[in-house]
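Here is the structure we will look at, set down as structure tokens.
The values are calculated or read from the model by the stated rules, or taken from the named source; none is laboratory data. Keep in mind that what you see is a predicted model, and the values were worked out from it rather than measured. For neighbour counting, all protein chains shown are included, and Cβ atoms are generated from backbone atoms with ideal geometry for every residue, glycine included.
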Number of protein chains: 2
Amino acid sequence: MRPGLNSVIPLCYGLCAKHESLGERVVAIHLPFFTDQAFVTLATNDVYCQGALVLGQSLKNHRITRKLVILITSQVSSLLRDVLYKVFDEVIEVNLEDSADYVHLALLKRPELGVTFTKLHCWTLTHYSKCVFMDADTLVLCNIDELFDREELSAAPDSGWPDCFNSGVFVFRPSLETHSLLMQHAVKCGSFDGADQGLLNSFFSNWATSDIRKHLPFLYNLSSSTIYTYRPAFNKFGSDAKVVHFLGPAKPWHYKYNRQTGSVISESLTSESQHHVSFLDLWWKIYDESIVPFFDKLQHVAELESQEQTVSKLLSIQQKVKEPSAEDERRKWEEGRVDYMGKDAFARIQEKLDRFLQ
Amino acid sequence: MRPGLNSVIPLCYGLCAKHESLGERVVAIHLPFFTDQAFVTLATNDVYCQGALVLGQSLKNHRITRKLVILITSQVSSLLRDVLYKVFDEVIEVNLEDSADYVHLALLKRPELGVTFTKLHCWTLTHYSKCVFMDADTLVLCNIDELFDREELSAAPDSGWPDCFNSGVFVFRPSLETHSLLMQHAVKCGSFDGADQGLLNSFFSNWATSDIRKHLPFLYNLSSSTIYTYRPAFNKFGSDAKVVHFLGPAKPWHYKYNRQTGSVISESLTSESQHHVSFLDLWWKIYDESIVPFFDKLQHVAELESQEQTVSKLLSIQQKVKEPSAEDERRKWEEGRVDYMGKDAFARIQEKLDRFLQ
């Protein structure tokens, strides 16, 4: 089925606006918008919602021409749901309770498969003909709409074991039949890594050997750790990165951000990891510029500023060191204890980002 | 050109002998031998020759049906050359001095390209129609003759940057024209990583996107470090490994080996890395069982035993901590200072290896 040409979107005045400027005049370009295709992500708690929000905003900044969808679970607080609606076209709560009996039985034996089953729900989005799934810890660096030219299941190699694909970014076709087969496969075979990546790789087991077009270039799912594992390759190809994936335990939201310098703060970030820092800074710049105002509008800032020191120029996300339990997290967010603190001039941040984007 | 069926080889009574046994009777199988195809490796000093010898022997143990060729440089001592002739069908000294003027000019500017240029010499082996190149720090775990069904340039992904192939194992077609183009490319563009891998990847630049058949399964070039980077995948697929590649600074010859227990000795080898240890043990088992006797026959053992304590059951390779300069190395080897020490019963080693191979 050929995607429909259903509407146009206005020019997005985000990071790409300069590409459309002719001298001083900004030209609006009418792009086709494919309402039957979507970028899809997932957040199972309020902390991961921060990642999903930045991912969604980074996609919008690069004028995507597809819908933006997020799957969430019941752990996500009402505050976060309100903010998600500002960025995403659809916010869909996934209830494992609605699943078939055999899924419930499987979860009794293997509760760790819960998040995996949740992710598999993306195949039920059958009002879309094709989708690109992206993990909430990815960040888009340019327009990537060309991914919709690929077929299911297209994904980039995993740097840990390159005959497996990394399930942080993949192209798929929603289908209730595929969903059912995947769920049955999960129940029958489990997952060799206890997560969705192992399951999807054993289900789409001929990915490594069957069709080169289903191998997305690594630049569409650049693990930030590869900056260190083969630095000469990063130096050669890294400037063409399209999606960075913050794999591993240190996520962008675990850092603090200095709004005046436009840089994250961490003792472990040495000069060796300048490229990694640039990606972290970019994440925080989007968070600070585009996501924080949504919280402001929901009028939690005034309340917060009275509790916190407004002098500080540091921005951080609550519970940044240890990932809290879903219960703790909901409680704290519902109490409005989020430590972003007022607004600052972004002159230096902008300057730094402009250098990065050139 | 179709490979010829020129001769037969007798049954190799190595590690694979059990596959040919029918009850108690051992059956000799006549296999076709392709004299116009070869496995090729490279050693630029005596230490790497140890690796090449074990690699060559591991190929022979698995009844390869192709020739065995090693390229060496002038730094390799006469003792080692004598031993190499016991394992390899051809020992070919490569002299960069024979290269064209533009190569000499390039080396004046970029002397580090010397080893890269040496490796490129494999394309000049035009008395073979097709070859498989293997680095001297690889070890073969089973027969891999099916690699000759692949075309140039077939290689496995590099785990550091999986859109690059790892140049430790690759299929190629010797051709003076390709050799010349590669040398010109090296002189003109250099190598993005200062070594052959960067050069070969920029020359065969469509490897990642053009033909899935040129993607060798990762199991043909399993970096020993991936045991740690994505352990669940190693646990799932690692038992099918065909070639292990001892990437990184810690090579098998840097360890000491206890001949009584059949195990390498190292304080840094914890229980976490048992799989890695198994590969190291296998390397040393081959070295001790098949390579040491060649040195013995060259009558250097008697001389050595008088200098060293014969009580010790430890086997090690001289200069194991710090890689010596080529000059130091030649001098020490030429003085016969190699510390392998007499013979021992291999009952326990054999038992351990049998368990490994099952």
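Can you report the number of residues in region A:93-138 which are β-branched (Val, Ile, Thr) and modelled with pLDDT under 95? Qualifying residue count, region A:93-138: 5. Hey, could you check region A:246-257 for residues that are under 13 Å from the mean Cα position of the chain (by Cα) and more than 13 Å from chain B (Cβ to nearest Cβ) and say which is farthest from B:Asp163 (Cα to Cα)? Within region A:246-257, the match that is farthest from B:Asp163 (Cα to Cα) is A:Trp253. Scan region A:52-82 for residues that are assigned to a helix (DSSP H, G or I), surrounded by fewer than 24 Cβ atoms within 10 Å (Cβ to Cβ) and among the small types (Gly, Ala, Ser) and the total you get is 1.
Of all residues in region A:174-206, those satisfying the criterion of being over 23 Å from the mean Cα position of the chain (by Cα), within 14 Å of chain B (Cβ to nearest Cβ), not hydroxyl-bearing (Ser, Thr, Tyr) and not in a loop (DSSP other than H, G, I, E, B) are A:Cys189, A:Phe203. Taking the options B:Val132, B:Val140, B:Val171, name whichever one is in the same structural domain as B:Gln57 (by TED's automatic domain parsing), under 21 Å from the mean Cα position of the chain (by Cα) and surrounded by fewer than 22 Cβ atoms within 10 Å (Cβ to Cβ). When all the criteria are applied, what remains is B:Val171.
The one condition from (1) within 22 Å of B:Asn201 (Cα to Cα); (2) in contact (Cβ under 8 Å) with a residue 24 or more places away in the chain that A:Met134 does not meet is (1). Residues in region B:207-216 that are part of a helix (DSSP H, G or I) and either more than 7 Å from chain A (Cβ to nearest Cβ) or touching a residue at least 40 places away in the same chain (Cβ under 8 Å) (or both): 4 in all. If I filter region B:120-130 for residues that are within 13 Å of chain A (Cβ to nearest Cβ), among the charged types (D, E, K, R) and either in contact with a helix residue (DSSP H, G or I) (Cβ under 7 Å, 6 or more places away or on another chain) or free of Cβ contacts under 8 Å to residues at least 60 places away in the same chain (or both), do I get at least one hit? No, region B:120-130 has no match at all.
Hey, does region B:16-29 have a residue that's under 28 Å from B:Tyr220 (Cα atoms) and at pLDDT 70 or above?
Within region B:16-29 (the criterion being under 28 Å from B:Tyr220 (Cα atoms) and at pLDDT 70 or above), the answer is no, since none of the residues qualifies.
Looking at A:Arg110, A:Arg150, just one residue is basic (Lys, Arg) and within 14 Å of chain B (Cβ to nearest Cβ), and that residue is A:Arg150. Screening A:Lys60 with (1) under 30 Å from A:Glu177 (Cβ atoms); (2) at pLDDT 95 or above gives one miss only, at (1). Taken over region B:142-174, the criterion of being of a type in the set (Gly, Ala, Ser) and touching a helix residue (DSSP H, G or I) at 6+ places or on another chain (Cβ under 6 Å) is satisfied by B:Ser154, B:Ala156, B:Ser159, B:Gly160, B:Ser167. The single condition among (1) at pLDDT 95 or above; (2) aliphatic (A, V, I, L, M); (3) surrounded by fewer than 22 Cβ atoms within 10 Å (Cβ to Cβ) that B:Ala156 does not satisfy is (3).
For every residue, the table says whether it meets (1) outside any loop (DSSP other than H, G, I, E, B); (2) touching a residue at least 12 places away in the same chain (Cβ under 8 Å); (3) of a type in the set (A, V, I, L, M, F, W, C).
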| site | (1), (2), (3) |
| --- | --- |
| A:Leu219 | yes, yes, yes |
| A:Tyr228 | yes, yes, no |
| A:Pro232 | yes, no, no |
| A:Asn235 | yes, no, no |
| A:Ser239 | yes, no, no |
| A:Val244 | yes, yes, yes |
| A:Leu247 | no, yes, yes |
| A:Ser273 | yes, yes, no |
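Against the definition (within 19 Å of A:Leu59 (Cα to Cα) and buried (at least 17 other Cβ atoms within 10 Å of the Cβ)), how does A:Phe246 come out, yes or no? Against the criterion (within 19 Å of A:Leu59 (Cα to Cα) and buried (at least 17 other Cβ atoms within 10 Å of the Cβ)), A:Phe246 qualifies. Within region B:220-233, the residues that satisfy the criterion of being surrounded by 20 or more Cβ atoms within 10 Å (Cβ to Cβ) and at the interface with chain A (Cβ under 7 Å from one of its Cβ atoms) are B:Thr226, B:Tyr230, B:Ala233. Filtering region B:234-245 to residues that are within 10 Å of another protein chain (Cβ to nearest Cβ) and touching a helix residue (DSSP H, G or I) at 6+ places or on another chain (Cβ under 8 Å) leaves B:Phe234, B:Lys236, B:Phe237, B:Gly238.
When residues in region A:134-173 are screened for being aromatic (Phe, Trp, Tyr) and assigned to a helix (DSSP H, G or I), 1 of them pass.
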